[in-house]
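Notes to accompany the following structure.
What follows is calculated from the coordinates using simple rules that are stated; it is not laboratory data. Quick caveat: nothing in here was measured; it's all calculated off a predicted structure. Note: ideal-geometry Cβ built from the backbone for every residue, glycine included; neighbour counts use all protein chains shown.
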Amino acid sequence: MPYARPSAEASTSKAPQSPSTGTSPQFPKRTYRRHPKKDPNAPEKWRSAYQLFRDDVNRELFGRDVPFAEMSKIHSKRWAGLDDDARELYFQRSKEDKDEYAKLMAVYERTPEFKQYE
């Protein structure tokens, strides 16, 4: 079936109507909910295994003029090619970081700075 152009009487305005304008009851406009600001006194969050791996690769590539997109490709290719034993070391370091973060957070949650932040 060929495309039939709508008649001029069907639409009175020349501006395109999109779902984000709220013209259609089918697509109500989403309201933005603000997220709480990060507590500056809180301990730094733990790093994932991939983040730790990426940091090691970045140290190796430091000083070279590698664009961000190329560096991301290098990270992903090396991570994909990493053997299970080497990858497990990064997961273990990540778990240690996470445990340390949990200890620091438990101590921090008892401080007056945390009570003020809440």
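Of the cross-linked pairs 37/73; 38/115; 45/103, which ones have a Cα-Cα span greater than 23 Å in the structure shown?
As for pairs spanning more than 23 Å Cα to Cα, those are 37/73.
Using the basic label-point model (7 angstrom from Cα toward the beta carbon), what is the residue 4 to residue 117 distance in nanometres?
According to this spin-label approximation, the distance is 6.3 nm.
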